[in-house]
Structures are given as structure tokens and as C-alpha cells.
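What follows is a set of notes on a single structure, which appears directly below.
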Amino acid sequence: MNPALRRLAAACLAGLVLVAGGLTFQQAVAGPGYRDDLRNPRALLDRAERPRGQIVTADGVVVARSEEGADGARVRLYPEGDLYGHVTGYASSYFGDTGIEATRAADLRSGNDGSLTAALFRLLGGDLRPHQVQLTLRDDLQRVAAAALGEQRGAVIALDPSTGAILALVSHPGFDPNVLATGDPAEGNALDADPDQPLLNRAIAAAYPPGSSFKVLVAAAALATGDYDPGTELEDRDELALPGSTAVIRNSDEGFCGDGATITLQRALAVSCNTAFAALGMEIGAGALLAAVEGAGFNGTIPFDFPTAASVLPPDGLADDLPALAQTALGQRDVRATPLQMALLAAAVANGGEIMRPYLVRAILNADGEETSLTRASAWRRAMAEEVAAALAQMMEAVIADGTGWRAAVPGARVAGKTGTAEVPGGAPDVWFIGFGPVDPEPGEPRIAIAVLVEDGGSLGEDGSGGSVAAPIAQKVLAAFFGG
Amino acid sequence: MSRLTEAALVCLAAAVAAVGAALAPLAAGDLPTYDTLLAPAVFLAAFGGLLLAVRRWAPRAARTLLPLAALLTAVGWVEVARVDRDLGRLQLWWLLVGATLAAATLFVLRRRGVGVLRRYRYLFLVAGLGLLLLPLLPSGWPVRGVTINGSRLWVRLQAGDLSLSFQPGEAAKLLIVAFLASYLADRHRALTNMPRRLGPVSLPEPRQLLPVLLAFGVSFAVLIYQRDLGASLLLFVVFAAMLFAATGRYAYPAAALALLAGGGLAAYRYFGHVRVRVEAWLHPFADFAGSGYQVAQGLFALGSGGLTGTGLGAGRPDLIPAAATDFIFAALAEELGLAGGLAVVAAYALLAAAGFGIALRARDPFRKLLAGGLTLTLVVQTVLILGGILRLLPLTGITLPFMSYGGSSLLANLVLIALLARVSHEEGS
């Protein structure tokens, strides 16, 4: 009998080895697939059953909170509707998480993950209630920015140039995160399919031709060479024929920028003189321009809470193509910039040439509202020398005082800026305003830098310009900042 | 292994129960309850008592059996108590009853040994078959069958307000193995000879085959009338394996395989519940909300556990149907991961090795077949349910020995260990 018993024993052990193999396969090989399967309710239940903390603004307005429903499941609510939608994002069991809800999920979740460590921690009197995320956004500025932009498609982004803290971030059209978090999936899908792209955060995730606002960088490049200063006289032309091309550059009013002889660099920026800047671009050359542009962060990635669209100046062939260089100097052709990038450019001028790393989360608070950790401001990169920034600040102040940006002037505050009107083939222009204030601040004085973009000329359509459409929006935000 | 090591390992199993009993309430955010103290006390009492019974009435028994059984019971209990605290408490009582019954088995056999069982083999056969068919008793009787989850494998004893449910199939498997061991020990020569010829196939005397065919018939009856795929498959495989062990003839497993294939095909064709099981096995996600639900939930649990598991108390056994009984292993593998699951499988393999070792060392055919048959029962049952959870086999509703919640199962398996211990004592040096 023993030979047969030995075979049976071998067969039994083989069966158990097969079981061990099957277990290894199901847990180690196929396991991740089962774990992430949409029909596996674990992640959903975890979300529904674990408390989630609030998101509040810097001035204490609650913009996301959780409420326990009648069935014991938690519902995520966004009391301010679409005002903060692009920042908070949404926490949806159907669409997933976006925005701060996704990037700060670990902070917002309760510390009670059911682990032994958590249980011991609580036994020892630890606090496992979920933390709150406090944004850098100021509710007053956010409201003013949203109201000023109104129904026009575009974006407003404002930040503190000395820290990088984002003070306002509005993108229109927006969306109500309540719809995506708790509403009918069909409504969420409709938002996704909407041709106006309400889910697109235009402030950071869309890049536009910057138009004349780009002249700030051309001026920075010129000043950086050391051969120019704000008083340098440039030739004043009514038109500029581009070499090796039939194209002709004209000014926006088809005339001269000044007296028809010469114009200072500062004045050329103030009146946004196309012919002068196109010539300047060709004079300083592609290398100097690229150095200044990339120094400000173009062709790179901005470190931020969310992924951002790239702001680009494709360097290929620019050195050998003078017409392209001339048009690039006017912020046309292949240059693209996000409102965030342009706001950071204004912030660089305001901050002595250094760009601080932009951020959206001011602090993590415990359930009682006490700070448990504070975001520390850190430098991202130096865009320009301090002297260049000082000269640019003076020039940009002239844009407001006596130039195209006069509509952004705030009584009692020294505001600087630059307008931009980017021609879009076959359509109304995308219009810009970038600016900051105050110029030459006292130590400790609050500071702000801003970028406003409005697509397709906004309410003025084809007649829209940076000065007429974007500057007034910035003015309201700046006035609210300095007035309050 | 020294006696001290054996005792230390049994204490280790009690420690596992203690740690589990402390962890489960902590994970739910509660302070440890009195169960935390009760559990190790019961484990020490049950397995310590059983250890003393073995020392007294089977002192030369293999020393690996009890520590392994204690460990598996402890790990299983921790998960059962974590899935359902009330079931955990009940299981502790079942453990005490089971250990007492196992000790009583050793006591009864203390003088005359397991050999005495041979005398009662036809009683065992009748009792075993009777127990198997007991659930078919009509409702309304004081002792009656109960249908749970579409299978009629429960019996409820009703006396006034008192009612007690049990699964007679668990006890029946021991009785039938004892019968087969005894019957085959006498007849293995007759069954090895195959004088009759039917074309190219050699056959033993038909008279000799009669009880064997009867046993096969019963396992199919169980399948048809009680819809108990697990028990019928278990019986069937154990019959075939014991025939092979007794005769060394491949003709028996081959014939069994042919019968199984034919019977399986017929069952698939004519029984809806078999077809549903097979469909759920092949395509668990095709009817996710229906027949595939349990298998799919088990797979989700396994996948969510991953390599190291979620940790005790952090899994979601509430999502797995029958997490405390048939699917205890899925709940366990979610919380303890592949590491814990493999450790459990290894413990079963060690138990199997110990059991077959006892069978191989036994000198007399009855003891050989008894130890072999009992070990086979244990391993086949384990492979059937684990294979079902892991989608290696169609899912058959059957308990995981020592680990699943269930008094009948725990009682039967503890007695099984006692019988193995007794055989090893009698054959020990």
C-alpha cells in the first residue's frame, strides 16, 4: 500500500502547491487589477465612510465641507458653487478627484485608517479628526475678480510677488463642483463635452499668444545686454518692412508712435510701439531674447500645486529668421504663455527680478482650526537682474501713468503694468493685462501682481484690446486690494 | 520534537488568539474587551487539555499534529471573531466541546486502540449514510432538514424553544472513512484481483464492487437531493483515492475520473445549480451582480490584500458573502496578505505531511488506510474550498478545516486529529 499512499501524498501536496501558486497569482499578479476594479467597492466605501476635512480660504470662508447624509454616507458640499471650482476641484466617486481635493487628499482624510498605529495613537489621546486645508486665496479678491471678469471667457490670477502665494484665481466659464461630486453623472459628462470647456482652468492650463504684454520680456532682454536703458532713443517709424519678406509691421493706430523721429524705450513700452519693439527684437537677436524668456520660466515647468500648460518660445530657427524674430518680439507667431506665467513675469519685476514659487495652500489646520503646518515661501528662479527689474518697474509704471494701461490706474497707489492685444487669425484678439503694485513698496507693505486674460476681445469682440477690456478688470482687483 | 516544544507551540497558538483578540477591537476603535482574555484562556484550556489527553492515552503520538491544528484554529478564530464578534464567542464554546469530544475519543480507544473500530464498520456505514441523508427529513418534524443558501445540508433539532442546527455531513465523512478503511483492509486483495474481462477492461468480481458502487451512488444522491456539491465531491474523491491506496490499481482512479467527467457533464447539463456554479467559475464577472458575486468579491478581497495585506481589522470582510464560513480564507488573505495566506497553506501542507507520514509508518492495512483516508479528507476538503476561492476549481460550498466558523466542522476535524494521534501512538516506536 505504501507506494500508492506515497503517490496520494504527492498528489495532495501538489494540490496544495497549486493552491499556493493560485494564491500568489491572484494576490500578486492579478491583484492590482482586482484592487483597482471599478466594481470593487472598497475605495468608494472608504471615501464615503471616512470623514473629510474642510477647505477654507485665507480669510476663513469655507469652500468645501462634508455633511453626513440621512443614510450615514458623507456628502461633499461646495457652498460657494463655481467661484472656487477650479481650485478646490471635486471629490467624486464617479469622476474621481481633482484640484486640491486630489492633491491634498492625504491631509483632508481622517487619520483613522483603521490601522493598529492609528488605534494606539487614539488610545493615547491623539487627534485623528481630518485636517483642514487653508488656501492662500482671499475671498474678497476672488469675488471681485470673478465679478470683474463677468461672463467673458478668460482668467484672472493674482499673487503676492514676495511670497508666491496665489491671492485670486478665476477662470470663466467655470463649473459647480457640487454637480460633479454629487450630481447626476450625465450633468458632469455634459460639462466635459461643453465646447466652451468649463472644466478647463484657463489661468494655468491653457496657453495663449501674449501679444504686447510680451514686450516686457523684450525690454528685459534689451536692458540685460547693458546697451540700453529706459531713456535709450529708438527710431520711431510708422511702418517696418521685414527683411527677406513682404510683411510689414505697423503700429496699432497705423501712425507713428511719437514725433516720427525717435522714441525712448520707456515711451515705446508705454504706448506699446510695435515698430520700435520689432526692430529692437531684431537688434538684440534671438540669443539674448531667448535667454531672457527662458530665464522667466518659459520652455520649462512651473512648480505648482497643479499641472500647468507649458509657456513656450520654440527656439528652433529663430536666429536665422528675422521676420519671425520681429513678430515674436510682439508676442505673436509661436509664443504662447499661460496667465500664470505672465503673472509670474509681473511678479518678477515687482520682486527685484526673483520669482517665488507659486502656491495655493497657505496652511494645514487641525479640526479646531489651529495651524499644524505652514507653507514656507521659497524662491523658484531669478528672471532678471535687480537693476533690470527696477528699470522695468519704472517703465511699466509709465504704462499706467501715461500709456495704454491708464484704465488700470488706482488712485493713491503706484501701479505698474502692461497691456497686450494678441491678434488671432480670423477672430477677435485675445487681450491681456499684466501688472503689479505698489512700485517701490515700503518694507512689509502688502504687494500684488496680476495677470488678466480675456479670450476673443471679451465683451468688445473685435474692437477689444488689452487696455479697454483687460485693464479695467485688473483695476477692480487692484483697487480692492489697495482699498481694503 | 520534544514534549516541551510541543507544549510551547500550543501556547504559541493561544498567544496568536490573544493577539488577534486584542487587535480586532482596536482596529474598530474600541478598547479590547474581555474576549481578549477569554480567547487565550479557552485556547489554553482546549488544546492544553487535549495535549494532556494525548500524553495520557496516546503518549507516543506524533507531536506535530496538535500544534498545527491549534495554530490553524487560532488563526481562523481570530479572523472569524474579527468578521463577527458573536460568532467568535460561539466558536470558543464549540472549541471547548470539540476538544472534549476529541479527548473522549482518545479515552474510549485507550485500551483496545483504533482496531476496535473495525468491529462496527457496518454500523458506521449505516450511520454515515443516515447522517448524510438526514437533512432530507421533511420540515415540521422535531428533527428536520433545513435549506440554507439553496443547499439542504443542515439539520435542526427542535425541542420546545431549544433549537440546535448542525451539518451531519461533517460527522458522516469520518464514519464513512472509518468504514472504507475497515472494508478495504479486508477486501483489498479481492479488489486488486481483476479476473473478469469486459473487452479490453479488466474487472474485479462484481460482488466485491457492490459496496464501492453503493458509496459512489450515495455521493451522487447527495449531489442531486441536497445540492451539496462540496460534500459529494469530497466523498467521491476520497472514495477513489482510498480504493487506489488499498489496491494500488490505477484502474480505480481512472474509472472514478471517467465517472466524474460523465457525472459532471450530466450534472452540468441537467442541474441548474451546477451549471450556475461552473459559469460563475469560468466567468465570475459575466453575471457580477448575480451568480458571480461571491467569487468576484473574494477576488476583490484577495487583490485588495496584496502581498502584505491591509492589516488585521482594516479589510472589508463585510463585503464578502459567507466571510466567516466558506470564504474565511478570502477575508484572511485580504487582511494578512499573500504572506499570511501562504503561511496558512504551508501549515496545511505540514499537517498533510504529518498525516501521510503516520499512514506510511503504520504496519497494519486498516491503520494505514484510516490514517491515509483521514488525511486525504482533510487535504481534499482544504484544496476544494481554497481552489474554489482562488478560481482553480468551481466553487463548492464547504468549510475550511479548523478555520471556518462552524461547530460541526470544528468538532469533526478535532476528532479527526485525535484519531490520527491515536494511530500514530499505536504505530510509534
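Every number in this text was worked out from the coordinates using simple rules, so none of it is lab data. Predicted, not measured: the structure shown is a model, and the values here were computed from it. We place every Cβ from the backbone using ideal geometry, glycine too, and count neighbours over all the protein chains shown.
Report, in debye and to the nearest 20, how large the dipole of the protein assembly as shown comes out about its Cα centre when Lys and Arg carry +1 and Asp and Glu carry -1 on their Cβ.
Working: 70 positive and 79 negative charges, 2056 e Å.
Charge dipole, the protein assembly as shown, about its Cα centre: 9880 debye, nearest 20.
Give the distance, in whole Å, between the Cα centre of region B:242-257 and the Cα centre of region A:223-289.
Using only Cα atoms to place each centre, the spacing works out to 101 Å.
How large is the charge dipole for chain A, taken about the Cα centre, if only the Cβ atoms of Lys, Arg (+1) and Asp, Glu (-1) carry charge, to the nearest 20 debye?
Numbers: 35 positive and 59 negative charges, 472 e Å.
That gives chain A a dipole magnitude of about 2260 debye.
Any chance you could tell me what percent of the C-alpha pair distances in chain B go past 29 Å?
Working: 42749 of 91806 pairs.
Beyond 29 Å sits 47 percent of the P(r) for chain B.
Tell me, which cysteines of chain A are without a disulfide-compatible partner by the Cβ under 4.7 Å rule?
When partners are defined as cysteine Cβ atoms under 4.7 Å apart, chain A leaves A:12 without one.
Using the alpha-carbon centroid of each, what span in Å lies between region A:401-424 and region B:371-429?
85 Å
Determine the shielding of peptide B:305-314 by partner chains: average, over its residues, the number of Cβ atoms on other chains within 10 angstrom of each Cβ. Intermediate results must be reported in sequence, preceding the final value.
Numbers: counts 5, 6, 4, 1, 1, 4, 5, 3, 4, 5.
Whole-number average of other-chain Cβ neighbours for B:305-314 is 4.
Hey, got the average number of other protein chain Cβ atoms within 10 angstrom for residues in A:34-43?
Values: counts 11, 8, 2, 7, 0, 7, 9, 4, 9, 1.
That average works out to 6.
Positive end of the charge dipole of chain A (Lys, Arg +1 and Asp, Glu -1 on Cβ, about the Cα centre): tell me which of A:62, A:438, A:73 has its Cα farthest that way.
A:73
Rounding to the nearest 10 and keeping the result within 0 to 90°, find how far the Cα-based axis of helix A:274-295 lies from the longest principal axis of chain A.
With rounding to tens, the tilt is 30 degrees.
Work out the charge dipole of chain B with +1 on the Cβ of Lys and Arg and -1 on the Cβ of Asp and Glu about the Cα centre, then indicate which of B:374, B:145, B:78 is farthest towards its positive end.
Checked the options; the winner is B:374.
Considering only DSSP states other than H, G, I, E and B, which trypsin sites (Lys or Arg not before Pro) in region A:290-398 qualify as loop sites with at most 12 other Cβ atoms within 10 Å? Display every interim value, and only then the final one.
Values: sites: A:333, A:336, A:362, A:376, A:381, A:382; in loops: A:333, A:376.
For trypsin sites (Lys or Arg not before Pro) across region A:290-398 that sit outside H, G, I, E and B with at most 12 neighbouring Cβ atoms in 10 Å, the list reads A:376.
Which FRET efficiency, nearest 0.05, do residue B:288 and residue A:128 yield, Cβ-Cβ r, R0 30 Å? Don't skip to the answer; put the middle values down first.
Working: r = 35 Å, r/R0 = 1.16.
That gives a FRET efficiency of 0.30.
Express in whole angstrom the spacing between the alpha-carbon centres of region B:320-338 and region A:1-70.
What the calculation gives is 11 Å, centre to centre.
How far apart, in nanometres, would the label points at residue B:213 and residue A:440 be if each is projected 7 angstrom from Cα along the Cα-to-Cβ direction?
11.6 nm
In whole Hz, with x marking every Gly and Pro, tabulate ³J(HN,Hα) for region A:218-234 from phi via Karplus 6.51 cos²θ - 1.76 cosθ + 1.60, θ = phi - 60°.
In residue order, the calculated couplings are 5, 5, 4, 5, 5, 4, 5, 5, x, 8, 10, 9, x, x, 4, 7, 10 Hz.
How about region A:384-471: which GluC sites (Glu not before Pro) there lie in a loop by DSSP and see at most 16 other Cβ atoms within 10 Å? Numbers along the way, then the final one.
Working: sites: A:386, A:387, A:397, A:423, A:455, A:462; in loops: A:423.
Here the sparse-neighbourhood loop sites are A:423.
To the nearest 500 deg cm²/dmol, what mean residue ellipticity at 222 nm is calculated for the protein assembly as shown from DSSP H runs of n ≥ 4 alone, each contributing -39,500 (n - 2.57), summed and divided by the residues? The partial results should precede the final answer.
Working: 31 runs with 465 residues, N = 913.
Calculated at 222 nm, the ellipticity per residue is -16500 deg cm²/dmol.
Can you list the HN-Hα couplings for region B:233-250, worked out from phi with the Karplus curve (6.51, -1.76, 1.60; θ = phi - 60°), rounded to whole Hz and with x for Gly and Pro?
5, 4, 4, 4, 5, 5, 3, 4, 5, 5, 4, 5, 4, 6, 9, x, 8, 5
Roughly what would the spin-label model give for residue B:203 and residue A:49, points 7 Å off Cα along C-beta, in nm?
The modelled label-to-label distance comes out at 6.0 nm.
Calculate the FRET efficiency for residue A:94 and residue A:29 from the Cβ-Cβ distance with a Förster distance of 22 Å, rounded to the nearest 0.05. Can you show the working numbers first?
On the way: r = 29 Å, r/R0 = 1.30.
Taking R0 as 22 Å, the efficiency between residue A:94 and residue A:29 is 0.15.
May I ask you to evaluate 6.51 cos²θ - 1.76 cosθ + 1.60, the Karplus curve with θ = phi - 60°, for each residue of region A:472-483 and list the ³J(HN,Hα) values in order in whole Hz, giving x for glycine and proline?
3J(HN,Hα) across region A:472-483, in whole Hz: x, 5, 4, 4, 5, 5, 5, 5, 5, 5, 7, x.
Over chain A, what is the relative contact order in whole percent, taking alpha-carbon pairs under 8 Å and six or more residues apart? Provide the component values of the computation, followed by the final result.
On the way: 1063 pairs, mean separation 75.8, N = 484.
Relative contact order comes out at 16 percent.
In debye, nearest 20: dipole of chain B around its Cα centre with unit charges on the Cβ of K, R (+) and D, E (-)?
On the way: 35 positive and 20 negative charges, 401 e Å.
So the dipole magnitude of chain B works out to roughly 1920 debye.
Test of the criteria: in region A:216-304, which GluC sites (Glu not before Pro) are in a DSSP loop and have at most 12 other Cβ atoms within 10 angstrom of their Cβ?
Working: sites: A:233, A:235, A:239, A:254, A:283, A:294; in loops: A:254.
Loop-located and lightly packed - A:254.
What does the structure give for B:291-304 when I average, per residue, the other chain Cβ atoms found within 10 Å of the residue Cβ?
Details: counts 0, 0, 1, 0, 0, 4, 4, 2, 9, 8, 6, 10, 14, 10.
Per-residue shielding by partner chains comes out at 5.
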